[in-house]
Amino acid sequence: MRRRRCCWNTTSLAGGGWSGARGVSPATRPTCILSAQCRFLNSLGTIFSFISKDVVTKLQIMDQLRSGPQQEHYSSLQAMVAYEVGNQLVDLERRSRHPDSGCRTVLRLHRALRWLQLFLEGVRTSPEDTRTSVLCTDSYNASLATYHPWIIRRAVTVAFCALPTRKVFLESMNVGSSEQAVEMLDEALPFIERVYNISQKLYAEHALLDLP
Ligand SMILES: CCCCCCCCCCCCC/C=C/[C@@H](O)[C@H](COP(=O)(O)O)NC(=O)CCCCCCCCCCCCCCC
């Protein structure tokens, strides 16, 4: 049950506004997200630690904004966008004056959420003997890869080869058997999609989808 909460919180943070996360206080939410993601990535081996490090850095940026002097403007995605755009706190052309704005940081996590959605959907619906490395590569190429330079694309594609089989992957999610993990994904994926769509619409409305 606790792990499921972390899953909801991950989706809330990445796209749909923080206020929707259920059952966990704002102070503990980032820690919960970090520990769930990092535990999972670390269980896949050290090669994934550089991915985990990037996620940690981005969550720390958001954590600082959420507890800083302007915290009232970071109570939801909508409030953050209104505040940062309205006060020219977002770099629109190149990353220079506001390299760690909330908008660009959340955008990176938002794009990663799309990868997660595609990947988990692939895991959920694929036959038992499917290689997760193939699912991961396909979902990465259809989402995050567009935004990554060649060197990162190459490194992560090699790293994906180290992913375990679909069955082992599902069991390492720690929600029980692989069948139970699929059931959990049935339940979680509509939330991920909903969160993704909300932030996609918000960012599109403000022309923020290509922030440098
Ligand atoms: C099965 C786990 C495999 C994880 C595969 C993750 C997808 C590939 C991500 C590649 C990230 C490469 C690292 C660096 C990226 C940054 O350059 C790049 C740009 O940032 P910048 O503009 O600030 O410079 N950062 C990003 O695009 C953000 C990447 C965020 C990756 C999030 C990955 C989350 C993985 C969570 C796995 C949890 C599975 C849960 C299952 C229930």
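No value in this document is a laboratory result; all are computed from the given coordinates. This structure is a prediction, so every number in the text was calculated from the model and none was measured. Ideal geometry is used to build each Cβ from the backbone, glycine not excepted, and the neighbour counts take in all protein chains shown.
Just a few scattered comments:
- Inter-part distance where the stretch 82-100 and the stretch 133-212 are each reduced to a Cα centre, Å: 27
- Inverse of mean 1/r across different Cα pairs in the stretch 42-186, Kirkwood, Å: 17.2
- Note on residue 207 and residue 141: the extension gain reaches 21.4 nm, defined as 0.36 nm multiplied by sequence separation minus the Cα-Cα distance.
- The simple Förster model, with R0 at 30 Å and r as the Cβ-Cβ distance, assigns residue 162 and residue 186 a FRET efficiency of 0.65.
- Principal axis extents of the C-alpha atoms in the stretch 137-187 (largest first, rounded to whole Å): 37, 22, 14.
- Here the 3J(HN,Hα) profile of the stretch 202-212, calculated from phi with Karplus coefficients 6.51, -1.76 and 1.60 at θ = phi - 60°, is 4, 5, 5, 4, 9, 6, 10, 6, 10, 4, x Hz, Gly and Pro shown as x.
- Cβ-derived FRET efficiency at R0 22 Å, residue 179 paired with residue 121, nearest 0.05: 0.85
- Convex hull (Cα only) mean projected area of the stretch 51-107, reported in nm² to one decimal: 4.0
- The phi torsions of the stretch 89-99, fed into the Karplus equation with coefficients 6.51, -1.76 and 1.60 and a -60° offset, translate into couplings of 9, 10, 7, 9, 9, 8, 6, 9, 7, 10, x Hz, rounded to whole numbers, with Gly and Pro shown as x.
- Prolate/oblate/rounded call for the stretch 108-212, Cα gyration tensor, a/c under 1.5 rounded: oblate
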